[in-house]
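Trainee: To start, I am sharing the structure in question, which I have written as structure tokens.
The values are calculated or read from the model by the stated rules, or taken from the named source; none is laboratory data. For clarity, every value in this text was computed on a predicted model and none was experimentally measured. Neighbour counts run over all protein chains shown; Cβ positions are idealised from the backbone, glycine included.
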Amino acid sequence: MSVRAFGDKVAKFMMVMAATWAFVLTFIIMADIIGRGAFNAPVQGVREIVANSIVIIVFLQAGYAIRSRSMLSAEFVIDRFPFWARRAALAFGYLLGVAFFALVIWGGWQLAIDSWVGGEFEGEGALRVPSWPTRFMILFGSALAIVNYLVMAYLDVMRPGEGSADERDALFRASSRR
């Protein structure tokens, strides 16, 4: 299995996990609202669960967003560039994406280890949520984002174009809209 196919499968699986967890999270929030309003008995720890879950959901979906070309981009500007300038702009954007997520990993690695070793928890009282799953999911999601940025760089920048410049422009536009 190629890196591209493996990255696609992992990204799709993580996106499905994130969507499933977001769906479950709605029921947890709804139970808290109903418990708070109807019975004056809120569900303990919902704030901590939601705070950690939002971060996990974002990083679970980052790889899929990159691979499906759903990340923020200014196509209306890039479409006006000639083929070589588009390729250079994409290369620069992919390089910035790799650099950003590499910095997230570099800055978060020690925090994740310290959270694991030190037994760091969020919340006080009835429910204490461990912090280490969130921290390690940030690292894992960032690593997958880097892999997907590198795959996209290969597909859009490094792959040699075939045919005339006009044919390459048409192929480029078609591939960027997938």
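Trainee: Scan segment 33-44 and report the pairs whose first residue is under 14 Å from Leu127 (Cα atoms) and whose second residue is of a type in the set (D, E, K, R) and surrounded by 14 or more Cβ atoms within 10 Å (Cβ to Cβ), with Cβ atoms within less than 8 Å and a gap of 6+ or a chain change.
Mentor: From segment 33-44, the pairs are Pro42/Asp32; Val43/Asp32.
Trainee: Only one of (1) surrounded by 14 or more Cβ atoms within 10 Å (Cβ to Cβ); (2) in a helix (DSSP H, G or I); (3) aliphatic (A, V, I, L, M) is not met by Val117, so which one is it?
Mentor: Failed condition: (1).
Trainee: Right, something else. What number of residues within segment 88-119 are within 24 Å of the chain's Cα centre (by Cα) and over 24 Å from Leu144 (Cβ atoms)?
Mentor: 1
Trainee: What residue, among those in segment 122-141 that are free of Cβ contacts under 8 Å to residues at least 60 places away in the same chain and closer than 20 Å to Phe59 by Cα, is surrounded by the most Cβ atoms within 10 Å (Cβ to Cβ)?
Mentor: My answer is Arg135.
Trainee: Do the conditions hold for Ser73, that is, is it closer than 20 Å to Ala18 by Cβ and either touching a residue at least 40 places away in the same chain (Cβ under 8 Å) or surrounded by fewer than 16 Cβ atoms within 10 Å (Cβ to Cβ) (or both)? Even if it seems obvious, please write down each step before you answer.
Mentor: Working: closer than 20 Å to Ala18 by Cβ: no; either touching a residue at least 40 places away in the same chain (Cβ under 8 Å) or surrounded by fewer than 16 Cβ atoms within 10 Å (Cβ to Cβ) (or both): yes.
Judged against the criteria, Ser73 is not a match.
Trainee: Look at segment 34-49 and say how many of its residues are exposed (fewer than 14 other Cβ atoms within 10 Å of the Cβ) and modelled with pLDDT under 95.
Mentor: 6
Trainee: Condition (residue is small (Gly, Ala, Ser) and in contact with a Phe, Trp or Tyr (Cβ under 9 Å, 6 or more places away or on another chain)) applied to segment 72-80: is it met by at least one residue? Walk me through it before giving the result.
Mentor: Pass one, segment 72-80, residues small (Gly, Ala, Ser): 73-74.
From what's left, in contact with a Phe, Trp or Tyr (Cβ under 9 Å, 6 or more places away or on another chain): none.
No, segment 72-80 contains no residue that is small (Gly, Ala, Ser) and in contact with a Phe, Trp or Tyr (Cβ under 9 Å, 6 or more places away or on another chain).
Trainee: Related question: Considering Asp169, Asp156, which residue is under 19 Å from Gly93 (Cβ atoms), touching a Leu at 6+ places or on another chain (Cβ under 7 Å) and either surrounded by 12 or more Cβ atoms within 10 Å (Cβ to Cβ) or at pLDDT 90 or above (or both)?
Mentor: Asp156 is the lone residue from the list that is under 19 Å from Gly93 (Cβ atoms), touching a Leu at 6+ places or on another chain (Cβ under 7 Å) and either surrounded by 12 or more Cβ atoms within 10 Å (Cβ to Cβ) or at pLDDT 90 or above (or both).
Trainee: Residues to consider are Met30, Met71, Met14; find the one that is closer than 30 Å to Leu127 by Cα and under 12 Å from the mean Cα position of the chain (by Cα).
Mentor: Only one candidate passes the filter, namely Met14.
Trainee: Still on this structure: Collect the residues in segment 1-51 that are within 25 Å of Ile66 (Cα to Cα), of a type outside the set (A, V, I, L, M, F, W, C) and assigned to a helix (DSSP H, G or I), keeping them in residue-number order.
Mentor: Correct list: Arg4, Gly7, Asp8, Lys9, Lys12, Thr20.
Trainee: If you don't mind, there's one more thing I want to ask. Criterion first (closer than 27 Å to Ala143 by Cα and either crowded, with 16+ Cβ neighbours inside 10 Å or at pLDDT 85 or above (or both)) does Arg67 satisfy it? First the steps, then the outcome.
Mentor: On the way: closer than 27 Å to Ala143 by Cα: yes; either crowded, with 16+ Cβ neighbours inside 10 Å or at pLDDT 85 or above (or both): yes.
When the stated conditions are applied, Arg67 passes them.
Trainee: Mind checking whether some residue in segment 84-97 is farther than 18 Å from Val10 by Cα, out of contact with any Gly (no Cβ under 6 Å at 6 or more places or on another chain), among the basic types (Lys, Arg) and surrounded by fewer than 15 Cβ atoms within 10 Å (Cβ to Cβ)? Spell out how you get there, then give the answer.
Mentor: Going residue by residue through segment 84-97, those that are farther than 18 Å from Val10 by Cα are 84-97.
In the following step, the residues that additionally are out of contact with any Gly (no Cβ under 6 Å at 6 or more places or on another chain) were identified as 84-97.
Going one step further and asking which of them are among the basic types (Lys, Arg), we end up with 86-87.
Those left that are additionally surrounded by fewer than 15 Cβ atoms within 10 Å (Cβ to Cβ): none.
No, segment 84-97 contains no residue that is farther than 18 Å from Val10 by Cα, out of contact with any Gly (no Cβ under 6 Å at 6 or more places or on another chain), among the basic types (Lys, Arg) and surrounded by fewer than 15 Cβ atoms within 10 Å (Cβ to Cβ).
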